[in-house]
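> Before anything else, here's the structure in question.
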Amino acid sequence: MANLGVHVYEQATSLSTPVVTDAGIPYVVGVAPSHAASNPGKAYTPVLCTSWTEAVEKLGFSYDWETYTLCEFMYSHFQLFGCQPVIFCNVFDHTRMQKAGEGRDYAVLEHRIFIPFGFVHDDKLLVTCVKKADSDKVITADNLLVEDEDYSVLYDADEDACIIELLPASDYYQTAETLHVEGQVVEFGQIDEKDIIRGLGVIDECMTVVGVIPDLICAPGYSHLSTVAAVMATKAAGINGLFRGKALIDIDSGPDGCTEYSSLTWHKNKNNFIDENQVVCWPMVKLGDYRFHLSTQMAGLMAKVDTENAGCPYESPSNKALKIDGCCLADGTEVNLTWEQVQLIAGSYGIVTALNFMSMGWVAKGNYVGCYPANTDVKDYFIPVSRVFDWVGNTLIRTFWSKLDKPMTRRLIDSILDTCNLWLAGLVSAERLLGARAEMLAEENPLLDLMAGILRIHIYITPPSPAQEIDFTLEYDPDYVQAALSE
């Protein structure tokens, strides 16, 4: 039957819009007080947070950063650097890692009591009213308080306590002088490096669970362990087996680690922190009474610099301001590094450190990844150059994934080449690349491979190297004397 009338048809655009991968998105594995969270995320599951409020709601918060390592990162990234998002993986399962707590009496002060922060807020938490000091502690319907009718529960990081507050509508609001509390408390004895390694494996779920691909892998408090650092480097080389990133590693600055800059090379090599996908940091840093792993602050700094450059990681974080007022060891001992020492650490050892010099305040110092100085390939050893290669590769994968299994025609090839070259030209115009182009080379595409459906596109890119040394030559020119004094 004839299709009469005037008709309009649409054809797919020959150029694709690049799906540019975001840079500076951390994936952080560690321990968070999920028992104190109002809406806790599941353990060993990627949890995407875009604000401080959301992170506290899903993970809880405490200032005990030695125990709750994710809280250190939350505070640094959201509160100090103001960056987002972050993907957390909490390896603490408060529904399983708990034990019976000691039942105790607590004096009511201003209609509330303070119990240890480690108490788990669940249906095993029992609050009863003690009417006399020598009363029997048997729980009955007459003295058992009901949550949301008689009291509410909240966790206070500043007080390092769980607060049970009597509600004005309760019969106990005016009369209760002592409350007896029984319940479960958190138990961390089961958490070790195997749990962290298991959490690192969950990074492959980020794409399907939260729809975001991270490119910075962190495990503050655990990354100094050689087994953990090795897995971090492996994951950074192939998230989902496809995408690349960088692992931020700390050299241990505790009594069993490195407490003197002169032994950094030995510790770096001993722990095999020599991978092209590792950014190695030392020592710890502090801000007031708070101590941070340098890797934590480096993640915030890298995210901040990337954001200021429209998400392109072509600028080094070196010589950019950290949110600290000093360097320290794990026990808080202050570390004062001279310019000469920093030159050795950052320039010869391939380790990122911190420096307070030339009235610039405290800045990160170091342009090299862990493979330096053994690896002399510029695309591998410079942090920003290597990260641009990762970023461009990740963007190409996401952009052209939809082209897989389409008929390999000349139009398809031209569409891929044109899309690549237009995007790369924009990066060159913005001076984020010094030069770039995409080509299909005959020698890389033999006939049998083309017949087998294998297409190879060669991408040439040149990210700018960081200007880490600027030399001036001073020369006395006597001609100026003649010119100045002659008539």
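Since every read-out is calculated from the coordinates, none of them should be taken as a lab result. Quick caveat, the model's predicted, so the values are computed rather than measured. Counting neighbours? That spans all protein chains shown, and the Cβs are built from the backbone with ideal geometry, glycine included.
> Assigning unit charges at the beta carbon (Lys, Arg +1; Asp, Glu -1) and nothing else, what dipole magnitude in debye, to the nearest 20, does the range 98-186 show about its Cα centre? Working shown, then result.
Details: 7 positive and 20 negative charges, 64 e Å.
Roughly 300 debye, rounded to the nearest 20.
> Could you tell me which chymotrypsin sites (Phe, Trp or Tyr not before Pro) in the range 341-404 are loop residues by DSSP with no more than 14 other beta carbons within 10 angstrom of their beta carbon?
Working: sites: Tyr349, Phe357, Trp362, Tyr368, Tyr381, Phe382, Phe389, Trp391, Phe400, Trp401; in loops: Tyr349, Phe357.
Sparse-neighbourhood loop chymotrypsin sites (Phe, Trp or Tyr not before Pro): Phe357.
> Helix 294-308 against the longest principal axis of the chain: what's the angle in degrees, Cα atoms only, rounded to the nearest 10?
With both axes taken from Cα atoms, the answer is about 60 degrees.
> Still on this model: With +1 on each Lys and Arg Cβ and -1 on each Asp and Glu Cβ, and nothing else charged, work out how big the dipole of the range 405-487 is about its Cα centre, in Debye to the nearest 20. Before the final figure, lay out the partial values.
Working: 6 positive and 14 negative charges, 192 e Å.
For the range 405-487, the charge dipole is close to 920 debye.
> Sticking with this structure for a sec: Given an 8 Å cut-off on Cα distances and at least 6 residues of separation, report the relative contact order of the range 334-487 as a percent. Please report the intermediate quantities before stating the final value.
Values: 146 pairs, mean separation 21.5, N = 154.
The value is 14 percent.
> Which GluC sites (Glu not before Pro) in the range 192-289 sit in a loop by DSSP (not H, G, I, E or B) and have at most 14 other Cβ atoms within 10 Å of their own Cβ?
The qualifying sites are Glu260.
> For His458 and Met408, FRET efficiency with R0 = 22 Å and r from the beta-carbon atoms, rounded to 0.05?
Numbers: r = 17 Å, r/R0 = 0.76.
Approximately 0.85, to the nearest 0.05.
> In addition: So if I restrict to the alpha-carbon atoms in the chain, what is the Rg, and what is Dmax, the biggest pairwise distance, in Å?
Gyration radius and largest Cα-Cα distance of the chain: 28.8, 111 Å.
> Hey, could you pull the Cα Rg and Dmax for the range 153-246, both in Å?
Calculated on Cα positions, Rg and Dmax stand at 21.7, 64 Å.
> To check you understand DSSP bridge types, tell me what percent of the beta bridges within the chain (both residues inside) are antiparallel, rounded to 5. Intermediate values should be presented prior to the final figure.
On the way: 50 of 65 bridges.
Within the chain, antiparallel bridges account for around 75 percent of the total.
> Something else: Tell me which residues come under 5 Å, amide H to amide H, from Thr45 once H is placed; ignore anything under 5 positions away on its chain.
Asn90
> So, in nm, how far is label Leu441 from label Asn240 when the simple model puts each one 7 Å beyond its Cα toward the Cβ?
Label at Leu441, label at Asn240, 2.8 nm between them.
> How large is ³J(HN,Hα), in whole Hz, for each residue of the range 324-336 in order, when computed from phi with the Karplus curve 6.51 cos²θ - 1.76 cosθ + 1.60 and θ = phi - 60°, using x for Gly and Pro?
9, 10, x, 9, 7, 8, 4, 8, x, 4, 5, 10, 10
> Right, another one. Take Gln190 and Glu149, extend 7 Å from each Cα along the Cα→Cβ direction, and tell me the distance between the two endpoints in nm.
It works out to 3.3 nm between the two label points.
> Rg (Å, one decimal) plus Dmax (Å, integer) for the alpha carbons of the range 191-232?
10.8, 30
> Next up: Full extension from Tyr290 to Asp171: what is 0.36 nm times the residue separation minus their Cα-Cα distance, to one decimal in nm? Walk me through the intermediate numbers first.
Numbers: separation 119, 0.36 × 119 = 42.84 nm, distance 4.25 nm.
In short, 38.6 nm is gained.
> With loop defined by DSSP as not H, G, I, E or B, and exposure as at most 15 other Cβ atoms within 10 Å, which is the longest segment of the chain clear of exposed trypsin sites (Lys or Arg not before Pro)?
Working: sites that count: Lys42, Arg96, Lys124, Lys131, Lys132, Lys137, Arg456.
The longest such stretch corresponds to 138-455.
> If each DSSP helix of 4+ residues adds -39,500 (n - 2.57) and the sum is divided by the residues in the chain, what number results at 222 nm, nearest 500 deg cm²/dmol? Please list the in-between numbers first.
Details: 13 runs with 119 residues, N = 487.
That comes out to -7000 deg cm²/dmol.
> Using only the alpha-carbon atoms, how far is helix 410-429 inclined from the longest principal axis of the chain? Give it as 0 to 90 degrees, nearest 10.
Between the helix axis and the principal axis of the chain, the angle is about 80 degrees.
> Alpha carbon centre of the range 343-390 versus the range 28-92: separation in Å?
Comparing the Cα centres of the range 343-390 and the range 28-92, I get a distance of 28 Å.
> Then there is this: Using the Kirkwood formula on the Cα atoms of the range 64-182, what hydrodynamic radius do you get, in angstrom to one decimal? Show your work: numbers first, answer last.
Values: mean 1/r = 0.0612 Å⁻¹.
One decimal place: 16.3 Å for the Kirkwood radius.
> From Cα pairs below 8 angstrom and at least 6 apart in sequence, can you work out the relative contact order of the chain, rounded to a whole percent?
Details: 931 pairs, mean separation 69.3, N = 487.
Relative contact order of the chain: 14 percent.
> Still on this model: Would you work out the relative contact order for the range 112-262, in percent, from Cα pairs under 8 angstrom that are 6 or more residues apart?
Values: 198 pairs, mean separation 30.3, N = 151.
That works out to 20 percent.
> Still on this structure: Starting from 0.36 nm per residue, how many nanometres of slack lie between Glu431 and Asn39 once their C-alpha separation is accounted for?
Numbers: separation 392, 0.36 × 392 = 141.12 nm, distance 4.44 nm.
Full extension from Glu431 to Asn39 adds 136.7 nm.
> Going out from 0 in 5 Å bins, what whole percent of all Cα-Cα distances in the range 405-487 drops into each bin?
Here the calculated profile for the range 405-487 is 3, 11, 14, 13, 10, 8, 7, 5, 5, 5, 4, 4, 3, 3, 2, 1, 1.
> Please list, or write none, the aspartates and glutamates whose alpha carbon is within less than 15 Å of the alpha carbon of Lys131, excluding same-chain residues fewer than 8 places away.
Lys131 reaches Asp105, Asp142, Asp171, Glu177.
> Give, in nm to one decimal, the length gained when the segment between Gln79 and Ser486 is fully stretched (0.36 nm per residue of separation minus the Cα-Cα distance).
Details: separation 407, 0.36 × 407 = 146.52 nm, distance 6.46 nm.
Between Gln79 and Ser486, full extension yields an extra 140.1 nm.
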